[in-house]
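Undergrad: Here it is, the structure in full.
The values are calculated or read from the model by the stated rules, or taken from the named source; none is laboratory data. Here the structure is a predicted model, which is why all the values come from computation and not from measurement. Neighbour counts are summed over all protein chains in view; Cβ atoms, including those assigned to glycine, are modelled from backbone coordinates with ideal geometry.
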Amino acid sequence: MADGTVLSIKRTITVRAVVTPRWKEDAERELSNAVSNLDGQLGQLEQEGQRLTDEIRRQSANPLDPRVQEQVSSVQQQVAAKRTELEDQKRQFLEQQRQVRELEMEQIVDQGQLESFTDVQVGDNLVEKLQVAVVVRDGVIEAIEGA
């Protein structure tokens, strides 16, 4: 029943990592760097927000004017919303860091995804063609599952 038509489709490949001391070190370092970057962004956000509100007040003839207060309030709300967003990201990274510390050696964890193409034709099992994973140990491919 196969008509010989071949179709190339894109698929997602799951990358799974074997937990090793080196993997844990690298993961914790990346997460620590991300937390430090967020701390820096939070500091910059606070400084920029203060600079903007000071500038609005300085440029106004009457700092108590309701329109000026409205502008200041708007800036403060935007800063607060961005602060909340950054603090949420920081909490997520800290939680991930805690989870990494609790992982057992030789445990296999999902690390990310890649995309690739595969050829399919009539008679192929599409589910099998799409369910592919690569297992790596310290960056070296140990296994290709489902290929």
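Undergrad: Just give me the residues in segment 102-147 being touching a Leu at 6+ places or on another chain (Cβ under 9 Å) and charged (D, E, K, R), in sequence order.
TA: Just the residues of segment 102-147 that are touching a Leu at 6+ places or on another chain (Cβ under 9 Å), to begin with: 109, 118-121, 134, 146.
Correct list: D119 only.
Undergrad: When residues of segment 31-59 are filtered for being surrounded by 13 or more Cβ atoms within 10 Å (Cβ to Cβ), within 13 Å of L86 (Cβ to Cβ) and either polar (S, T, N, Q) or touching a residue at least 60 places away in the same chain (Cβ under 8 Å) (or both), how many remain?
TA: Final tally of qualifying residues: 3.
Undergrad: Please verify whether N62 is more than 30 Å from A143 (Cα to Cα) and exposed (fewer than 11 other Cβ atoms within 10 Å of the Cβ), treating the condition exactly as stated.
TA: Yes.
Undergrad: Go through Q121, Q113, Q78, Q96 for me and flag whichever is surrounded by 14 or more Cβ atoms within 10 Å (Cβ to Cβ) and of a type outside the set (A, V, I, L, M, F, W, C).
TA: None of the others qualify; the one that does is Q96.
Residue-by-condition table, conditions (1) of a type in the set (A, V, I, L, M); (2) outside the structural domain of D3 (by TED's automatic domain parsing):
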{"residue": "Q69", "(1), (2)": "no, yes"}
{"residue": "Q77", "(1), (2)": "no, yes"}
{"residue": "K82", "(1), (2)": "no, yes"}
{"residue": "Q92", "(1), (2)": "no, yes"}
{"residue": "Q99", "(1), (2)": "no, yes"}
{"residue": "S116", "(1), (2)": "no, no"}
{"residue": "V120", "(1), (2)": "yes, no"}
{"residue": "G123", "(1), (2)": "no, no"}
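Undergrad: Turning to a different aspect of this structure: Would you call A143 surrounded by 12 or more Cβ atoms within 10 Å (Cβ to Cβ), part of a loop (DSSP other than H, G, I, E, B) and either modelled with pLDDT of 95 or more or among the small types (G, A, S) (or both)?
TA: no
Undergrad: Let me ask you something else. State yes or no: is Q69 surrounded by 11 or more Cβ atoms within 10 Å (Cβ to Cβ) and either part of a strand (DSSP E or B) or under 17 Å from the mean Cα position of the chain (by Cα) (or both)?
TA: Spelling it out, it is not the case that Q69 is surrounded by 11 or more Cβ atoms within 10 Å (Cβ to Cβ) and either part of a strand (DSSP E or B) or under 17 Å from the mean Cα position of the chain (by Cα) (or both).
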